[in-house]
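Student: This is the structure I want to talk about, given as structure tokens.
The values are calculated or read from the model by the stated rules, or taken from the named source; none is laboratory data. From a predicted model like this one, the values you see are computed outputs, not experimental measurements. Cβ sites come from the backbone with ideal geometry, for glycine too, and all protein chains shown count toward neighbours. Side chains included, ligands, DNA and RNA excluded: accessible areas come from the protein's heavy atoms. Shrake-Rupley method; radii C 1.70, N 1.55, O 1.52, S 1.80 Å.
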Amino acid sequence: MESLIQLLPDYLANQIAAGEVVQRPASVVKELMENAIDAGASKIELLIKDAGKSLVQIIDNGSGMSPVDARMSFERHATSKIKEKEDLFNIRTLGFRGEALASIAAVAQVTMKTRRHEDDLGSEIKIEGSEFLSQTPCVGSTGTLISVKNLFFNVPARRNFLKSNPVETKHILSEFTHIALSHPGIAFRMEHNDTLVYDFPAENLKSRIIRIWGMDLEDKLVPVQEETPYLSIKGFVGTPETSRKGRGEQLFFVNGRFIRSSYLQHAVIGAYKDLIPAETFPLFCLFLNINPVHVDINIHPTKSEVKFDDERGVYLLLHSIVKKGLGKFQLIPDLSSDEELAGIIRAVPFPKENHEPVVGKSTTRDSWNVEKQDIGGWEKIYQNPAGFTSQPSKSPSQSITQKEVNLIPEDGFLVQLHNHLLLTQVKSGLMIIDPTLAHQRILFERFLATSTRPPVASQQILFPMTMQFSAVEMQIVESAKSELRHLGFDFLEINSGSLLLQGTPPEVLPAKAEMVFKEIVAELGLGEAERSREARFEKIAAKLAEGAAHKKGNRLDISAARALTDDLFRCNEPKFSPKGKPVFVVMPLSSFSTHLLSE
Ligand code: ADP
Ligand code: MG
């Protein structure tokens, strides 16, 4: 009888497998860069053309391959990284499935040149759509160069499915930056259409983060480091003021590999509870190292998701380690910028939150339960009502978390201290408000609200002023032109490098208009070029609010002070300034009890 079942021809099998590994040019970038890292390269260069659609080229100075290995490397399931079954449970390299090169070669035109240090001649291989074209000896430096041209040239449906160049470029940039962040000791370079995009020397993690995420982070990265027998964690988390709207800058690497995990993100975000405004996210770049026997990286073809054998344990550890890191840096809300107030706070035995290391070097897995209680203060209370009565929780930041009712200042008492801080009373104790930050918050929300209304009428400047800008700055102004005008700036472009400023938003004094405008442009320049209108609007509104708010030393009469607190507590997010600084602190009555209060 004739048999119906047939083995797929190789090229077809490869093309099908390629569907899993190679989704877009960025997948090629990722696989080839990972191979270069696995090959021990200390310098890796990426050149792309047309968002990688016409060319992705990687040049590394790694080990190179012998001519025989070079040929073998394109076979499916050909890998030098796993030899026996046990190796599968002890993977230390980024690749191991032996599928990437075969998959890429199935859907593109590939040239590889490679030479080992010990060989005089290297080898050049050409392969197209899984069809082996040639292998010839060649000269070249030690390492490997791979060019991947015209991705999906033989699968038109997939080629048509690719997104626009900006979108595909964005995917490539994110793969590139993830890999560059996880290997700061390796030098990386990237060019797109012959223009230099990145050039990183070998450096430490902190400077790599700053190079990628922005110079403004210089003093805003908190180091995190902890080793336990189960897991070690190190990296940096941003101070609360660096929290942002997007989740783009929340990176986890498990054993050197970038992974996505909303579960672990949640663990970190939880450590910032009450430190950052709602709906903003802290930035972080954290490296988890765990014995490979405890983690399965094979659950996803592109290995971007992993499974731990003790997910809850990792969650709890991560949470408490980040919390401890933040605690060490005293990043609990206080107004310590004001020296005198800081003095008062120090004089009062202000109970701090318990930042004792929850997880010490000797942590065993049996101690998860203990940690669980340490983490959830409320959980502890519920599990142990007796603990509640004998040891009431009285940390300042916890009282702030209690229902908002407690925050609304009660009528009556309101004074200004040293022409600056406002003191008032709330149900649970004494509230200290920074009027500058409060005013910023109020103005910020007012400016934001105009977003959906007709443009703000601008206040004309008597003597319009000329402002000079660089070409890049002019680009920034151009891209944010409509938001700037909407918020009340009135300006004309006079020539390629200068603007005439004729009007400002009503809240900004004309004398400050130029400075505020320039600050806005600088601020916008720090972010990615293509923000949404909403994001641009928000950045401009925040800067405007900063420029227009009362300054320190501004004496407020009682009615102005009262209006300010009223307005503040009518805001959606009264607790934080637009930049995420705490606007006020509450010192609970209980915190005075040992020194000042009668029974
Ligand atoms: P994997 O990385 O999973 O082993 P690949 O298909 O990506 O599978 O690569 C196959 C093999 O080719 C690797 O195991 C490695 O031995 C070799 N190889 C690939 N790229 C390079 C490179 N840039 N330098 C040296 N060897 C390489
Ligand atoms: Mg690989």
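Student: State the number of residues belonging to segment 458-474 that are at pLDDT 85 or above and among the small types (Gly, Ala, Ser).
Tutor: Within segment 458-474, residues that are at pLDDT 85 or above and among the small types (Gly, Ala, Ser) number 1.
Student: Filter segment 546-599 down to the residues that are in contact with a Ser or Thr (Cβ under 7 Å, 6 or more places away or on another chain) and assigned to a loop (DSSP other than H, G, I, E, B) and list them by number.
Tutor: Answer for segment 546-599, where residues must be in contact with a Ser or Thr (Cβ under 7 Å, 6 or more places away or on another chain) and assigned to a loop (DSSP other than H, G, I, E, B): 549, 550, 551, 552, 580, 583.
Student: Another question about this same structure. Residue by residue through segment 143-180, note down the ones that are of a type in the set (Gly, Ala, Ser), more than 30 Å from the chain's Cα centre (by Cα) and either surrounded by 20 or more Cβ atoms within 10 Å (Cβ to Cβ) or closer than 27 Å to residue 71 by Cα (or both).
Tutor: Scanning segment 143-180 gives 143, 147.
Student: Can you confirm whether residue 76 is modelled with pLDDT of 95 or more, away from ligand 2 (no atom under 12 Å from the Cβ) and basic (Lys, Arg)?
Tutor: When the stated conditions are applied, residue 76 does not pass them.
Student: Only one of 181, 196, 151, 173 is assigned to a strand (DSSP E or B) and not charged (D, E, K, R). Can you tell me which?
Tutor: It is 196.
Student: Still on this model: Among the residues of segment 473-483, write down those that are open to solvent by 80 Å² or more (accessible area, probe 1.4 Å) and either more than 14 Å from residue 520 (Cα to Cα) or of a type in the set (Asp, Glu) (or both).
Tutor: Matches in segment 473-483: 478 only.
Student: Name the single residue that is nearest to the chain's Cα centre (by Cα) among those in segment 256-282 being hydrophobic (A, V, I, L, M, F, W, C) and under 27 Å from residue 538 (Cα atoms).
Tutor: Among those that are hydrophobic (A, V, I, L, M, F, W, C) and under 27 Å from residue 538 (Cα atoms), it is 281.
Student: Let me ask you something else. Which residue out of 511, 545, 563 is among the aliphatic types (A, V, I, L, M), over 17 Å from residue 478 (Cα atoms) and touching a Lys or Arg at 6+ places or on another chain (Cβ under 9 Å)?
Tutor: Result of the check over 511, 545, 563: 545.
Student: If you don't mind, another one. Of (1) assigned to a helix (DSSP H, G or I); (2) modelled with pLDDT under 50, residue 355 satisfies all except one. Which?
Tutor: (1)
Student: Related question: Out of segment 521-545, which residues are hydrophobic (A, V, I, L, M, F, W, C) and either in a loop (DSSP other than H, G, I, E, B) or at pLDDT 90 or above (or both)?
Tutor: 529, 540, 541, 542, 544, 545
Student: Being touching a residue at least 60 places away in the same chain (Cβ under 8 Å), out of contact with any strand residue (DSSP E or B) (no Cβ under 6 Å at 6 or more places or on another chain) and over 20 Å from residue 470 (Cα atoms) is true for just one of 563, 545, 511. Which residue is that?
Tutor: 545
Student: So, in segment 21-64, exactly how many residues are outside any helix (DSSP H, G or I), modelled with pLDDT under 95 and either surrounded by 24 or more Cβ atoms within 10 Å (Cβ to Cβ) or within 12 Å of ligand 1 (Cβ to nearest atom) (or both)?
Tutor: Residues that pass the stated criteria total 1.
Student: Same structure again: Would you point out which residue out of 18, 26 is touching a helix residue (DSSP H, G or I) at 6+ places or on another chain (Cβ under 7 Å), away from ligand 2 (no atom under 13 Å from the Cβ), closer than 24 Å to residue 187 by Cα and not aromatic (Phe, Trp, Tyr)?
Tutor: 26
Student: I've got another one for you. Tally the residues that are in contact (Cβ under 8 Å) with a residue 24 or more places away in the chain, open to solvent by 10 Å² or more (accessible area, probe 1.4 Å) and not in a strand (DSSP E or B), restricting the search to segment 421-441.
Tutor: Qualifying residue count, segment 421-441: 7.
Student: For residues in segment 210-249 being in a strand (DSSP E or B) and charged (D, E, K, R), which is farthest from the chain's Cα centre (by Cα)?
Tutor: Residue satisfying both the conditions and the ranking: 227.
Student: Anything in segment 99-140 that is away from ligand 1 (no atom under 12 Å from the Cβ), β-branched (Val, Ile, Thr), buried (at least 18 other Cβ atoms within 10 Å of the Cβ) and outside any strand (DSSP E or B)? List them, or say none.
Tutor: 107
Student: Which of the residues spanning segment 1-20 are part of a loop (DSSP other than H, G, I, E, B) and either in contact with a Leu (Cβ under 9 Å, 6 or more places away or on another chain) or acidic (Asp, Glu) (or both)?
Tutor: Of everything in segment 1-20, just one residue is part of a loop (DSSP other than H, G, I, E, B) and either in contact with a Leu (Cβ under 9 Å, 6 or more places away or on another chain) or acidic (Asp, Glu) (or both), namely 2.
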